[in-house]
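Written below as structure tokens is the structure these notes are about.
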Amino acid sequence: MELRDIEIFLTLAEELHFGRTAARLCLSPARVTQAIQKQERQIGAPLFERNNRTVRLTPVGRQLRDDLRPLYAGLKDSVQRAQLAAQGITGTLRVGMLPMNAYDLRPYWDVFRIRHPQWRLRIQRTQFSDAFAALRRGDVDVVVTWLPVEEPDIIVGPALFAEPRVLAVSVDHELARRTSVSLEMVADFSHPDSEAGPDYWFDAYAPPQTRRGRPIERGPSVRDAEEAITLTSMAEIVTLFPAHMTRYWVRPDIAYLPITDIGALPYALVWRSETENELIRALSEVVRDLGPLAQKS
């Protein structure tokens, strides 16, 4: 198989939809079909069961997918490393962002790049429902996350910033007319729930009760900020966010209200102790040298 055909097969095995596979790879559906048919002829067995409604892997297809995944990932990494080496780049540090304010953190990114031109810095979004798993799978090298993080295999690095929190509500919500709110006031409205990480971690972001001990109602489970903001815009829930959302996620159907009785939320770098390397230590040193960002409202 050619590398492109392997990519087509693995993408279709993930999407199980010819149209989505074609769109994701910027190909025509006919090109995807031709590649799969060619592979099935070479192997001598169907790789997918398909009809007008569904696409499913056959047992042979599942075996091929499981065998090819690690080989393709390794080959792709080798090609990328060779390309980077040709440019004088000897390593890449992948930073997973839970907050939306990557631009605010530009001083750290810029200083890292100036000090270490031989390394590439890649900033990418990470779902909070998958943050620790992404670290443990090796999808990212470090994560910018809120604290506390108290996992035995994860190191908490230097603090980046701390921000007050705001409450996002639909512009049609009864609270939208107010200029500020308290947790006591919003305890009876439904907030998003999440299966993200350990309970103590999510509870630090979205407290389960007010300071007076009143439970804060939790509703539908969400995986990321986009799901939370969508449900908020439909007035199904209200959602706590760090204050930078008022600058980076301005929407005509969302109002943000300051919260008067909750502290600032701290964020820091975290990484797995087993994968600590010179790139991670270099970024950590940059953050320590520059210190935390000044708090913004």
Counting only residues that are touching a strand residue (DSSP E or B) at 6+ places or on another chain (Cβ under 6 Å) and basic (K, R), how many does the range 188-216 have?
0
Output the number of the condition that A30 fails; it satisfies all remaining conditions of (1) part of a helix (DSSP H, G or I); (2) under 30 Å from A294 (Cβ atoms).
(2)
In the range 29-45, how many are over 13 Å from G61 (Cα atoms) and surrounded by 12 or more Cβ atoms within 10 Å (Cβ to Cβ)?
7
One residue from S28, S78 being more than 26 Å from the chain's Cα centre (by Cα) and not aliphatic (A, V, I, L, M)
S28
Out of all the residues in the range 248-264, is one or more more than 30 Å from V181 (Cβ to Cβ) and loosely packed, with under 15 Cβ neighbours inside 10 Å?
no
List every residue pair whose Cβ atoms sit under 6 Å apart, with the two residues 6 or more apart in sequence or on different chains, where the first one lies in the range 275-287 and is hydrophobic (A, V, I, L, M, F, W, C) and the second, anywhere, is part of a helix (DSSP H, G or I) and surrounded by fewer than 18 Cβ atoms within 10 Å (Cβ to Cβ).
V286/V111
Within the range 51-66, track down each residue that is assigned to a strand (DSSP E or B) and touching a helix residue (DSSP H, G or I) at 6+ places or on another chain (Cβ under 8 Å).
V55, L57
List the number of the failed condition for E7; all other conditions in (1) out of contact with any Phe, Trp or Tyr (no Cβ under 8 Å at 6 or more places or on another chain); (2) closer than 30 Å to D141 by Cβ; (3) of a type in the set (D, E); (4) modelled with pLDDT of 85 or more hold.
(1)
Enumerate the helices (runs of 4 or more DSSP H) found wholly within the range 179-297, keeping only those where 2 or more residues are aliphatic (A, V, I, L, M), at pLDDT below 95 and under 24 Å from the mean Cα position of the chain (by Cα).
225-233
What about A35, is it modelled with pLDDT under 85, part of a helix (DSSP H, G or I) and either under 29 Å from the mean Cα position of the chain (by Cα) or not assigned by TED's automatic domain parsing to the domain that holds W119 (or both)?
no
Test V149 against the stated conditions and say whether it is buried (at least 22 other Cβ atoms within 10 Å of the Cβ) and closer than 25 Å to D193 by Cβ.
no
Could you tell me how many of the residues in the range 69-112 are at pLDDT 90 or above and part of a loop (DSSP other than H, G, I, E, B)?
4
When the range 113-135 is checked residue by residue, the ones that are under 16 Å from A268 (Cα atoms) and in a helix (DSSP H, G or I) are F128, A131, F132, L135
Only one of E195, E236, E184 that is in contact (Cβ under 8 Å) with a residue 12 or more places away in the chain, at negative phi and in contact with a Gly (Cβ under 8 Å, 6 or more places away or on another chain)
E236
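The values are calculated or read from the model by the stated rules, or taken from the named source; none is laboratory data. Predicted model only: the values in this text are computed from it and were never measured. Virtual Cβ from ideal backbone geometry, glycine too; neighbours counted across all protein chains shown.
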